[in-house]
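To start, the structure itself, in C-alpha cells.
The values are calculated or read from the model by the stated rules, or taken from the named source; none is laboratory data. Keep in mind that this is a model prediction, so the values were computed, not measured. Here Cβ is always computed from backbone atoms with ideal geometry, including for glycine, and neighbour counts include all displayed protein chains.
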Amino acid sequence: MRNSRALHIYTWVVVAWLTLPVAVMIAFGFNDTPGRYNQTWEGFTLKWYGRVFGIDALTEALLVSLVIAIITAVVAGALGTGIGYALGRYRFRGSGTVNLILFAAMSAPELVMGASLLTLFVSMGVGLGVTTISVAHIMFSISFVSVVVRARVLTLDRSLEEAAADLGATGWTTFWRVTFPLILPAVGSGMMLAFALSIDDFVVTNFTAGTTVTFPLWIWGATRVGLPPQVNVMGTLIFAVGVLIAVLSGVRSRPRRRRG
Amino acid sequence: MNSLHSSGQLWRGMTQRRLGRRDALRMGGLASFSAFLAACGVKGQGNPGASAPAPDAVAKFWEGKTATKHVDVASWPLYMDPKQPELKAFTSETGITVNYQEVIQEMGPWFAKVQPQLAAKQPIGFDIQIITNGVQFKQFKDSGFLAPLDLAKLPNYAKNAGPAYKNEAFDPGNVYSVPWTSGITGIAYDPAKTGREITKLADLWDPKFKGKVGMFSDTQELANFGLLVLGIDPGKSTPDDWKKAADKLKEQKSQGILRNYYDQSYIDALGKGEVWITQAWSGDVFQKNVSEGKNFKFIIPEEGGTIWTDNFSIPITAPNAVSALTLIDYFYRPEVATDVAAYINYVTPVPATQELMKQKAAAATGDDKKTLTAVAESPLVFPTEADYAKLHYYRNFATPAEYQDFQRVFEPVVLG
Amino acid sequence: MSRLRRNLAPYLLVLPGGLWLLLFFAVPMITMLSLSLQQGDIVNGYAFTGHWQTYVDAIGNYRTQLFRSLLYGAIATIALIVLAFPVAYWIAFYGGRRKATYLFLLLLPFFVSFVLRTISWRQILTDEGPVLGPLKDIGLLGDSFHVLGTPFAVIAGLVYNFLPFMVLPVYVALERIDPRVIEAARDLYADPATAFRKVILPLALPGVFAGVLMTFVPASSDYVNSAVLGSSSTTMIGQVIQAQYLATADYPTASALSFVLMAVLLIGVFTYARALGTEDVMKVAAR
C-alpha cells in the first residue's frame, strides 16, 4: 500500500508537469503587458479578452483553420464512415489491403506525408492553398474515422437489424432507420477527431499551405518577433471549448455505456 | 492521364498472384512503373537566356489593367510602425485600403512558399512583396515571376530616388523592382552581458560567449561573415575560399560558441537573453530598444559588413497591380520616406529625407527631438562614404550551378 | 440483383475513401520517389534522370542528423516507457471509480495546439525566464547556463508531447488483466516483485509495444521540438528535410532524405507490426 501511495503522488506530479505549459499559456493571456511582447509578468488584466480579435491576420488565420477543420470533418467523416462500415460489416477480398493502407496512413511520419503531397502538387503544377490543405487533412483523417466507425460496427447488435428486416423493412430503410442511428455516435466522435486533428495540424499544413496561413502557422511565424497575448487568449478559448465538449459528451455517453 | 493508367497496371501487376502470367505482368508493371517515375517532373519556369524582358513586355503586362481599391502587401517584421500611420494616411487620401502583412522572415522560405503558386499562375495573395537582392531575387526574376514595372506610373520615384538606387547591379534600370530600403548586416549585442565593447567579427568566435552567439541561417548572410572574418571579399571569393569559410563556421559550432542559426527570430533571442551577441540587421535593434526599453547596440565590424537592398516587386499574378504601383510611388514622397526612416532606422533610398529630418528635429521638442536628431545623424540610416567603404555587396552568382555549389558547401553548415 | 448489390456494397463503400488515400497517400510516395531521382534546379525545373547519386550525397551529408534523430527518438521512447508505465499502472489498478477522470487529466493539455504547448515550454525554460532567471540571480547557476538549445531540452520536449501515446496503450493492456490473475500470482510467488515480473509485465508488453510504435515514429521524425527548443547542435533529420523543401527548394535531396527516413521507419514499423499484429495498435489508435 505504501507503494501505491508513492505512485499516487507520482501520477499527480506527472499531471502537474503535463499541465504546466497550459497553465503558463492561460496565465499570460491575463498579462498586462504594454505591447506585443509577452514575456514577463506585468500584472493582471482582462483587456486581451476584449481585444481578442484585435489582430486581423490572426483572426483570419483562425477562421481559415475553422473552415478547413469543418470541411475535413465532413468529408473525412463521410469517406471514413464508408470504409469503416465496409470493414466492420462485410468480409470481402482486398479488405486486408485496405486495413494495411489505413495502418500505413496512420503510422507514416507526418513529415513524409506532407512532403510527399508537396511533391505531388508541384509535379502536377497545382498551386497551394486552402484546397490543398483540406485535401491533405482529409487524407490523414480518413483512417482515424474508419477505425473508430469500424470498432463500433463490429460490436453492433445485429438482432436489431434482423428484427427490422423481419418486420418488412427494406435493406435501405433498415440502414437509415436502425443501423445508422446506432453507429451515429461513432461517426460523430470520428468527425470530432478529424476536426481536432485538422485544427491542430502544423507539419502537414506547413508543406501544403503556400501563402495561406492557418492558426498554428500564424503562431509559428509570429514567434520570430514575439507572440502577442491574443494568441494566449485564443489558445485558452479553444482549450476551454474542447474541454467543455469532451466533458459534455463524456457525461452524455456514460449512462449508455453502463447499460451496454 | 497516361501515367495514372499505367500505375493502375502497376498495382495489378504487384497484387495479382496468378502464376503463368505473373512474370509477364510483373515485367509490365516494372516497365510502367519506370515510365510513371519518368513521367513525373517539375516544370521549370526558367528562361535564363532572356533575363531582360521583351521590349513590349511592360505595355503587354499593364494593358487593360485598371486601378482597384485594395492592395495586399507582403513585408518583413520591423519594417513599419505597427500603428501603420503612413498606410492610414494613404487610404484616407486615395480610398485604397491596404492589408500589410509581415509574413516574410527569410528569403529562401519565402521563395519556396510562393513558387508553386506562381508556377501554377495563381495569385499569391499579395500584390507587393518586399524581396532582398540576393539569390532568390534572381530566381524570382529568372522564373518570370516578377511583373515589369511601368516606371511612367512612378513619378515620385523618378524625382526623389537617389541615383545609386536607380542603377543597382541586381536589377539595372529598375525593370522589376524599386528599393524599399537598404540595410546593413553587422553585429548586435547586449553590452550589459558582454561586459565590453564589441568591434570586430572575431568577437563572434570568442569562447567567452560560449553558447551565447547567434548567426543567420540564410546561407548567403552566414557565408559572407565566414569569408569576411578570414579577410576574403565575398564578391571575389572562390569555391576554395567557401570551403575555408565553412570550416571556420563549423569551428564556431563545434566549439559550442554558437547558440543557434536564426532567421528574423534572432531579435527575439536577443531580447530574451538567449544570445548576447549576434549577426543582425541594422534597423531592428533600434526598434527593439524603442519598443522594449532595451539598450542593445549595433555595430559595423572592423573587418567589414554587408549592405543589401530590400525591394518592392509585383508578382506577375497580382490582381491589384495598378494600385500597387500607386502605393509604391507614395512611399517615395520625401515626407513619407522621412517618417518611415525615422521609425524603422534603415537606409532610405530617398536622399532628401536627411534634410527633412533635420528640419523636423529642429521643430520638435523633448524626446522626439533627441530621437530625430540621432536618426538624422545616424550612419546606419545615412551611411557616409567611409561607411560604404567598409560594406560589401552580396555575391552575384553567374549560373544556377554556381549557386548550387555554394549551397552545397554552406547548407550542411547550417543544417549540420 | 440484390445479391450482386450486396457483393458490390463493400467495394462501393470503400471506393471513395480508398481512392482518396490512393491518390493522396500512395501516389505522392511515387512522385516523391520520382523527384528524388530527378536533376535540375528550381528555376529551370527538374527532370527525371534516374540519378541515384543524390541518395549517396544526401546520406553522406546528413547521416549525423539521421542517426541523431533515431537516437533522440529511441531515448525519448525509453524515457516514455519508464515515465508512463507507473502512471498507467496506478490508474489501472488503483484508479478505482476515477479512472476516466485521471485519463482525462492526462489528456487535458492536448486540447492546446501542439505548437503552442511547445512554445510555452520555451517561455518557461528560457535563459533568463521564470525558472533559470532566479537561480542565476542568486548565483546558483552561471550566467551562460542554459537548458534551451541542449539535447536534453529537445528530448524532454519529445517526451512531453508524446506521453499520452504511451500511457494510453499501456493502460489499456493493464486494464484488461483480470485481478484474479494477480491474486493467484501473489499466492504463488509471495514476493510481489516476482509476481510483477512474471505476470503483470508479460501481460502489459503488448501495450508497451503498441506505445513504442506510436511514439518512436513521430518522435524521430519530429522537427518542431528541435526547432523550438533546440539549437544548431541538435538539428534533427526532420528539420533538414523541411529546410530542403521549404527553404532551398532542393526537391531531389529533400525527397531522397524523406524516402530514406520513411524507409527506415516504415520497414521497422512493418516488421514490428507483422511480428506483433496490427490489431492492438489500431484499437489503441482509435481511442
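Take the conditions (1) modelled with pLDDT under 95; (2) assigned to a helix (DSSP H, G or I); (3) surrounded by fewer than 21 Cβ atoms within 10 Å (Cβ to Cβ); B:V322 misses just one of them, which is (1). Just one residue in the set B:L327, B:L356 is closer than 26 Å to B:V73 by Cα, crowded, with 18+ Cβ neighbours inside 10 Å and not β-branched (V, I, T); that residue is B:L327. Taking the listed residues A:T214, A:T236, A:T155, the one that is polar (S, T, N, Q), out of contact with any Lys or Arg (no Cβ under 9 Å at 6 or more places or on another chain) and under 18 Å from A:I133 (Cα atoms) is A:T214, with no other qualifying. Of all the criteria given as (1) of a type in the set (A, V, I, L, M, F, W, C); (2) free of Cβ contacts under 8 Å to residues at least 12 places away in the same chain; (3) out of contact with any Pro (no Cβ under 6 Å at 6 or more places or on another chain), the one not satisfied by A:F92 is (3).
Evaluation of C:G149 against the conditions (1) of a type outside the set (A, V, I, L, M, F, W, C); (2) surrounded by fewer than 16 Cβ atoms within 10 Å (Cβ to Cβ); (3) modelled with pLDDT of 85 or more shows that the sole unmet condition is (2).
Among the residues of segment B:114-124, those that are surrounded by fewer than 22 Cβ atoms within 10 Å (Cβ to Cβ) and under 20 Å from B:V73 (Cβ atoms) comprise B:Q122, B:P123.
Checked against (1) closer than 26 Å to B:D127 by Cβ; (2) out of contact with any Lys or Arg (no Cβ under 8 Å at 6 or more places or on another chain), B:I307 passes all but condition (1).
Out of all the residues in segment C:12-19, is one or more more than 14 Å from chain B (Cβ to nearest Cβ) and over 32 Å from the mean Cα position of the chain (by Cα)? Scanning segment C:12-19, I find at least one residue that is more than 14 Å from chain B (Cβ to nearest Cβ) and over 32 Å from the mean Cα position of the chain (by Cα), so the answer is yes.
Return yes or no: is B:Q252 assigned to a helix (DSSP H, G or I) and buried (at least 24 other Cβ atoms within 10 Å of the Cβ)? Judged against the criteria, B:Q252 is not a match.
Inside segment B:129-159, residues that are within 13 Å of another protein chain (Cβ to nearest Cβ) and among the aliphatic types (A, V, I, L, M) make up a count of 2.
Please indicate, with yes or no, whether at least one residue in segment A:152-160 is part of a helix (DSSP H, G or I) and buried (at least 17 other Cβ atoms within 10 Å of the Cβ). Checking segment A:152-160: at least one residue is part of a helix (DSSP H, G or I) and buried (at least 17 other Cβ atoms within 10 Å of the Cβ).
If you go through segment C:204-229 and keep only what is assigned to a helix (DSSP H, G or I) and either hydroxyl-bearing (S, T, Y) or away from chain A (no Cβ under 12 Å) (or both), you end up with C:A204, C:L205, C:P206, C:G207, C:V208, C:F209, C:G211, C:T215, C:S220, C:S226.
For every residue, the table says whether it meets (1) touching a residue at least 60 places away in the same chain (Cβ under 8 Å); (2) crowded, with 19+ Cβ neighbours inside 10 Å; (3) not assigned by TED's automatic domain parsing to the domain that holds B:E221.
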site	(1), (2), (3)
B:D368	no, no, yes
B:T384	no, no, yes
B:D387	yes, no, yes
B:N396	yes, no, no
B:Y403	yes, yes, no
B:F406	yes, yes, no
B:F410	yes, yes, no
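Among the numbered conditions (1) within 16 Å of B:N311 (Cα to Cα); (2) in a loop (DSSP other than H, G, I, E, B), the only one that B:P351 does not meet is (1). If you take the residues in segment B:189-219 that are among the basic types (K, R) and part of a helix (DSSP H, G or I), which one is surrounded by the fewest Cβ atoms within 10 Å (Cβ to Cβ)? Out of the qualifying residues, it is B:K208. Here C:L213, C:L188 are screened, and the one residue that is touching a helix residue (DSSP H, G or I) at 6+ places or on another chain (Cβ under 8 Å), hydrophobic (A, V, I, L, M, F, W, C) and more than 30 Å from C:V115 (Cα to Cα) is C:L188. The set of residues from segment C:230-278 being outside any loop (DSSP other than H, G, I, E, B), within 14 Å of chain B (Cβ to nearest Cβ) and of a type outside the set (A, V, I, L, M, F, W, C) comprises C:G238, C:Q239, C:Q242, C:Q244, C:Y245, C:Y251, C:P252, C:T253, C:S255.
Modelled with pLDDT of 95 or more, surrounded by fewer than 16 Cβ atoms within 10 Å (Cβ to Cβ) and under 30 Å from A:V145 (Cβ atoms): is that true of A:L63 in this structure? Spelling it out, A:L63 is indeed modelled with pLDDT of 95 or more, surrounded by fewer than 16 Cβ atoms within 10 Å (Cβ to Cβ) and under 30 Å from A:V145 (Cβ atoms).
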